[in-house]
Structure formats: structure tokens, C-alpha cells
1. Out of curiosity, is T192 buried (at least 23 other Cβ atoms within 10 Å of the Cβ) and within 20 Å of I64 (Cβ to Cβ)?
2. Does W180 qualify as being surrounded by fewer than 17 Cβ atoms within 10 Å (Cβ to Cβ) and not small (G, A, S)?
3. Going residue by residue through the range 16-29, is there one that turns out to be surrounded by fewer than 22 Cβ atoms within 10 Å (Cβ to Cβ) and more than 14 Å from A88 (Cα to Cα)?
4. Scan L45, L78, L50 and give me the residue that is at pLDDT 95 or above and in contact with a helix residue (DSSP H, G or I) (Cβ under 6 Å, 6 or more places away or on another chain).
5. Which of the residues belonging to the range 179-197 are part of a strand (DSSP E or B) and aliphatic (A, V, I, L, M)?
6. Given the range 63-178, what helices (runs of 4 or more DSSP H) lie entirely inside it while holding 3 or more residues that are outside the structural domain of V213 (by TED's automatic domain parsing)?
7. Right, G166: within 15 Å of P209 (Cα to Cα) and out of contact with any His (no Cβ under 8 Å at 6 or more places or on another chain) or not?
8. Does A208 count as over 29 Å from G55 (Cα atoms) and not in a strand (DSSP E or B)?
Amino acid sequence: MSTPTLPVIFFDVNETLLDLQPVKDSVTTALGGRQELVPLWFATLLQYSLVATVGKNYQPFGKIAAAALQLVAKKNDLNLSEADARAAVRALRALPPHPEVPDALRRLKKAGYRLFTLTNSDPEALANQMGHAGLDDFFEDLLSVDAVRKFKPHHETYAWAASRVGHAPGDCLLVAAHGWDVAGAGWAGMQTAFVARSGQATYPLADAPGMTVPDLSALADALVAG
């Protein structure tokens, strides 16, 4: 495992920094208690965010999340109104941070790293998320794919983010708990760190991430010590 000393760290938000359990609970309720359908909902959300990107018909991530939930419900013979779907995914805006996250971000910032988000959430939702989680002050800027209207893992999104903060992609580290995000960042030339949270795995057809850590505390241990 390499431990690069880089000036800029981009963090994915959902599941990497924030615990998705509250929205998993609300989605389970909306799907009539069918907890086993929650991973299908999230996969469908990612699928249709990419459909929107390729089809050049960008919509905010939360709107796609609600539509994906309706789609999963319909495919499983469940009745779910648009209003109820929107209510269920609204929990995305008020997620708690994983327990180790605030201290890890504090250590990284103190060590001199420039910290940014890079998320599929739209700017309004992102502001709500960071405010609710109490993480705002750790970040130099809160970056969203909304600026380029291309969801991760589109190559141009990572290139834009690096340019936005005044660095080449190779001078930036992308930290994420999703194999597809780590793969996309690596293909775009960024350094990568995979956070191996429960149920997550890297993509076999992508290069191995530069670092694999169990959580952000371990990431801070490696980078600050390095």
C-alpha cells in the first residue's frame, strides 16, 4: 500500500463520509418492509444517473433517487407515489457521519491537506448534508458534479475537479467507499484510496487502488504519518 503525500484530497460523500442507514431505513419502509430491495434501489439509482449522463439529460441526484425508487417498487408489484418516493429519499439530506470521520478530517486538515468533497449530490443537498453532519468547516470547498452535469464516474468530472482546485489529476487523491468511483478516478489519472466499508468491493477490471483502508481513521494514520 502506497502512502502518497499529496496536497489535495477529494472525498466522496454518501457512504464514504456519511452513514446511509437512515435512508436505507426509510427506503425499506417505502418498499413495504422489503429490506432486500434496498441494494437494488441504490444500484438502480447509480444505473440511471449514468443513463442521464450518457443521454445528456442531467437531473439532480435526489430526483433520480426518487424515480429509481418508484421504478424498483413498480418492478416488484408495489404501489409507490412520486410524493412518497421523494419523502423516502429525503433522508439523504440528513445523514450522520461515520463515527471516525470528524476526527480523521480534523487530523488531515491540521496536517496541511486541502480537503474537498466531490459528490453526485446536488449543491443544495450537499450543503444540507454537510451542515447536518457538522462537517462544513473541514472543507475548503464543497464540490458537486452539478457544475459539469456529468455524474461520477465520468472522466470529465474528475478532470474538472482537479482543474477547479488548480492541480493536475495526479496531484490529487480521491477517497471513496465505492469501487466504481475509485475506478473512475484512477482512469482519470488521480491517486486513489478505497475505504473498505461493509459490503463494498473494488472493481476487478480496474487497477488496484493506491491505498485500501478500513475507515478514515486508518487513512489519516497513513497520510499524516507518511
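The values are calculated or read from the model by the stated rules, or taken from the named source; none is laboratory data. Owing to the predicted nature of the structure, the values given are computational and were not obtained by experimental measurement. Backbone-built Cβ (ideal geometry, glycine too); neighbour counts: all protein chains shown.
1. no
2. For W180, the condition - surrounded by fewer than 17 Cβ atoms within 10 Å (Cβ to Cβ) and not small (G, A, S) - is met.
3. Within the range 16-29, one or more residues are surrounded by fewer than 22 Cβ atoms within 10 Å (Cβ to Cβ) and more than 14 Å from A88 (Cα to Cα).
4. L45
5. Within the range 179-197, A193, V195 meet the criteria.
6. 82-89
7. Taking the combined requirement at face value, the residue does not satisfy it.
8. Against the criterion (over 29 Å from G55 (Cα atoms) and not in a strand (DSSP E or B)), A208 qualifies.
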